[in-house]
Structure formats: structure tokens, C-alpha cells
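Data first, discussion second: the structure below is written as C-alpha cells.
No value in this document is a laboratory result; all are computed from the given coordinates. Keep in mind the model is a prediction, meaning the values are calculated, not measured. Ideal geometry is used to build each Cβ from the backbone, glycine not excepted, and the neighbour counts take in all protein chains shown.
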């Protein structure tokens, strides 16, 4: 299969998965959440609204409510998230208004995803992640990225402990046929046994892949090189740095 065909199939599958997974939520719970927040649906970017059941707490859901900052325009918009934990019926038990504004223009904000992995930061604290996922609109210069923030319940609100850490990045330049160069970074978060200020260190394992493609005798040939690197984030003054 030609490189162009492969990339188009990959991008289509990614778009399909992202767009439809971002819209999976319970309509009744959605309506009750907006009523408690005193918002109407026109104030919400409904395609970015998402929820996920908490695996470690019965009758609890994590919900991301993206509130529009201004109008939803065809060429761009911005949102701020109100992050909630509710019961099955939609009653809010935890509420956090995130001060970060997420913009979407040439680099499009495509979705928010909730990560309920085993982020046991210590014996009493389990965090979850929310990733902002972006995609570029340029064919010759493809781009995508995913940045994760982490939170845990505290009282009736949430505590943010990690701010927009990049876990995935893809970019490059090509002639839309074969020849081009691409770079990818894929990271995973590993909880270290070593703690700093009572919280487990976050060990970030990153695989960096560089791909050079060119046409040789009428065939598209790829050469890939990769390397693994590590970085450690430590808990200090309420945040991982």
C-alpha cells in the first residue's frame, strides 16, 4: 500500500474514533448536570463534552463540561473546562473549574479524553487524567498532539497535580505522495516506587521515532529510527514538575 493511502486510512480511522467516542454520554445525566451548573446547551461545546465511569468508586462518573468562551465559530473557538464527579443520576459531588483556556484554530482541538488508569499517587490518593487532543489541518504538514493533566478528588472539589504534559506528538512535512520526514513521540507514565513529599514520582518513558520516506525505483521506501528516553517528574509545592 502506498504511503499516502496508508496515512489517509490511518487519519480517517483516528478521526472516526475520536469524534464518536467524544459524544458518548447519558442524555438524562447531561441535562441534570447543566441544570445544576445553570447553563444551557448553547453555552457548551457538546461534541467535546465527555464522561467516564470511575472504576474505583461505585456510582461515580467523571464528567468534562467544556464551556464556550465566546461564540462557536467555523474557524475557531475556545473553551474552559468544568470538571465534575457525579453519581449515576447526575448529582454533583465534586466540582473544579479549570482556569486553563483551550483554543482551537489552525490546530484543531478535537476531543477531551478521560484516563482512569491506576494512578495511585500514594496509599490514599488515586488520580485520573484528562487529555486535550489536537490535530492540524494541513495535508503537507500533518500534526497531532495530546496533552494530559491529572486530578484527584479532595473534599467537594478536585486537586490538579499535573498541568498539560505532552504525551503524544506527531508532525512532519511531505509532498503528499511519498517523499517526506516525520517525527513522533509517544510517552507513558510509570508510577515509581520512590516518593517525593509523600507522592510517587512519575517516570515518563518516551519513544521517539523518526521516519524518512522517499521514492526509489517507483516504490515508496521508508527508513525508521527510534530511541527511548526517560524523565522523572517529582511532586513539589502541590504540582508535578
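Under the classification rounded if a/c is under 1.5, otherwise prolate if a/b is larger than b/c and oblate if not, where does the range 35-90 fall, given a ≥ b ≥ c as square roots of the Cα gyration tensor eigenvalues? Verdict is prolate for the range 35-90.
Compared with the direct C-alpha span, the chain from residue 212 to residue 181 gains 10.7 nm at full extension, assuming 0.36 nm per residue.
Considering only 87, 166, 223, the mean-square fluctuation computed in a Gaussian network model of the chain, springs between alpha carbons under 10 angstrom, is largest for 223.
Computed from the alpha carbon atoms alone, the convex hull of the chain holds 132 Å³ per residue.
Just checking the listed ones, 228, 85, 216: in the Gaussian network model of the chain with Cα springs under 10 Å, the one fluctuating most is 216. If R0 equals 30 Å, the separation of the Cβ atoms of residue 194 and residue 239 corresponds to a calculated FRET efficiency of about 0.95. Once the Cα-Cα distance is subtracted from the 0.36 nm per residue extended length, the residue 106 to residue 122 segment shows a gain of 1.8 nm. With all pairs of separate Cα atoms included, the range 53-134 yields a Kirkwood hydrodynamic radius of 14.2 Å. The value of relative contact order for the chain, using C-alpha pairs under 8 Å at least six residues apart, is 11 percent.
Helix 27-37 and the long axis of the chain differ in direction by around 60°, with both axes built from C-alpha atoms.
Given a Förster radius of 41 Å and the C-beta distance between residue 39 and residue 219 as r, what FRET efficiency does 1/(1 + (r/R0)^6) yield to the nearest 0.05?
On the way: r = 55 Å, r/R0 = 1.35.
After rounding to 0.05, the efficiency reads 0.15.
Build a GNM of the chain with springs between Cα atoms under 10 Å apart, and of 197, 81, 141 the one that fluctuates most is 197. Of interest is the spacing of the C-alpha centroids, which for the range 130-157 and the range 220-241 amounts to 16 Å.
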